[in-house]
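Contents: one structure, followed by commentary.
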Amino acid sequence: MTRTGRHLTALIAYLLMGLIVTLPLWRDPDRAVPAANEGDHAFFEYVLARAAALVTGDVSDPFVTDQLNVPLGVNLMANTSVLGLGIPLAPVTLLAGPAATIALLVLLGLALTAYGWFWVFLRRLRVSPVAAWVGGAFCGFAPGVYTHAQGHPNWTAQFLLPFVVHLLFSPSRRNGLTLGLIMAWQVFINEEALFFTGLGCAVFGLLFLALRPHEVDKRRFLTSLGVALAVVVPLVAYPLWVQFTGPGSYRGVPEFTTSYGNDVTAFVSFATHSLAGPISPFGHLTPNETEQNAAFGIPLVITFVVLAVLFRRRAAALAAACTAVVFAVLSVGRDVIVNGYGDVTRPGPWEPFAHLPLFDSVVPTRLSLIAIPCVGLLLALAVDRSRAGVALVVAALVPIVPMPLTTERVAAVPAYIAERGYRAHLADGGSMLVTPRVWTDTTGMRWAARTGLDFPLALGYFLGPDPSADGRAMFGPWRRPTHALIVSVSATGFVPPLTAVDRAAFAADLAYWQTSVIVLPNDQPYRAAVEALLTGLTGRAPSRTGGVSVWDL
């Protein structure tokens, strides 16, 4: 087979694997969403629709929006707006809608990430195409990657990172220029992944330097890195300035997410959507199914130890193995937890770093993702070495083969929204209040994404500053009394007796949100109770039209 044929075969195989994982999304892109993470899926629909609107000229500011969280708006640069993916795929969004774009992004992200590592392993390790393919397949479809297919297309799209690693460790002025451009693109896909790549390369590079000091041209490396920084800094300086100091900027991540570390037993468990998942329930070991970042399984952990010992005389392999261990340990987080969340001891290995600038924005469990390409390198070497190595790798990988995503169906966009019935009720500068089901409800964002962002929303799902916590990040808007009241009734069905204080707070909240129309979906939990609440607060019954109840204010 020719060189081109080998690469095409590898890529097609990865694309087929990606199609299998995402098949449930393709059956009905407009209605199918990940069962484990509907909220993030809706958020990415919104930002992809906005990226398409940037291309068509319907919006002008790529980094901040005033159409969400009225009147404060949202700093989208600080919210993983994936402009680096949304703009190139804007034609898909405009033709097929943002939900179809997400399905395509997840498929391509998994496949191209695998192909990127295949290319790097084939070129740098000098292994056989089959060995490189196995290593690449693991890097693109490891449990820690494909579990993010449930609502995190920014984490499945790691296809630039293999080339960042390759160019960083192939120093030259030309490669430095290319590296700078790729890093700039990655900033607009997933900054956290780029930060992790930098951390992993730093540890790997220092270990390799200690093992083979005479094989490293330090001057050439620093020159190439300097060129890369000279390219990337001017390109991303303003967007990062907006992110960290602009309207809606915040500090760190929500406090509760800093405790998201990997349970020690998670490393020998299987992800929910892996082949062996049903025999090793992961639920109690992780805060949610999307963050099963350390689900390597006991066969792979044993294989990793064996291969680390076997290849200990090869500097790159030893450095990779040690790097994997370093970040696996750090990913345990600020608390050491074993087999559930009951037994907690402080401090964990991440605690000394948790309050440092930039490091305070890290969700610790994700640090184990840095180990994935390190393990992939060892797997490629093992397959290339002997038939025994192939057998060992197959035994380790079969249990973690990814299964198709589990999806659920969301309600169709009601006719009132799809047919733009709200335009008769929205005053100039007015916002729509879609009755929230939970604090960070995404119903309105999904509707807006499906209608080309045609209306501003009072609430939303995003990260913004918490005014009660010195600007630390919080999910969603600041909780106002009416917001809390609607969420409470949606959760319990109980409508409390309304007082003059409630009505005054309602009037103040509507004025603050600049609300022109309130929309209650027909599928709202405890819909009758929520309608009774709003009828009592407004003093009039709603009009029922196009699958919703409407209060025209």
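Any read-out appearing in this document is the output of simple, stated calculations on the displayed coordinates, not a laboratory observation. Everything numeric in this text was worked out from a predicted model, so none of it was measured. Methodologically, a virtual Cβ is constructed for each residue, glycine included, from the backbone with ideal geometry; neighbour enumeration extends over all protein chains shown.
What the table shows:
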{"read-out": "Along each principal axis, Cα extent of the chain, largest first, Å", "value": "79, 49, 48"}
{"read-out": "Residues listed by number, region 74-118, amide nitrogen under 17 Å from L235 label point at 7 Å toward C-beta", "value": "82-89"}
{"read-out": "Difference of contour (0.36 nm per residue) and Cα-Cα distance, L222 to I87", "value": "45.3 nm"}
{"read-out": "Efficiency of FRET from Cβ geometry, V501 and W26, R₀ 56 Å, rounded to 0.05", "value": "0.65"}
{"read-out": "C-alpha long axis of helix 387-397 to longest principal axis of the chain, angle in °", "value": "20"}
{"read-out": "Inter-label distance for V130 and R173, nm, one decimal - labels placed 7 Å from Cα along Cα-to-Cβ", "value": "4.5"}
{"read-out": "Estimated distance in nm for a label pair at A541 and L19, the labels positioned 7 Å out from Cα along Cα-to-Cβ", "value": "5.4"}
{"read-out": "Extension gain from V309 to H214, taking 0.36 nm per residue of separation minus the Cα-Cα distance", "value": "31.9 nm"}
{"read-out": "Value of relative contact order over region 359-518, rounded to a whole percent, pairs C-alpha under 8 Å and six or more apart", "value": "21"}
{"read-out": "Radius of gyration, Dmax [region 135-196; alpha carbons; angstrom]", "value": "12.6, 39"}
{"read-out": "Radius of gyration and Dmax over the Cα atoms of region 415-552, both given in Å", "value": "14.5, 43"}
{"read-out": "Whole-angstrom gap from region 291-365 to region 86-117, using each part's C-alpha centre", "value": "30"}
{"read-out": "Given charges at beta-carbon only (K, R positive; D, E negative), |dipole| of region 3-400 in Debye", "value": "2040"}
{"read-out": "Extension gain, F494 back to L181 (0.36 nm per residue minus Cα-Cα distance, nm)", "value": "107.1 nm"}
{"read-out": "Whole-angstrom gap from region 211-249 to region 519-551, using each part's C-alpha centre", "value": "53"}
{"read-out": "Size of electric dipole in region 300-365: Cβ of Lys, Arg +1 and of Asp, Glu -1, about Cα centre, debye, nearest 20", "value": "420"}
{"read-out": "Förster-model FRET efficiency, 22 Å R0, A418 and L95, C-beta, rounded to 0.05", "value": "0.80"}
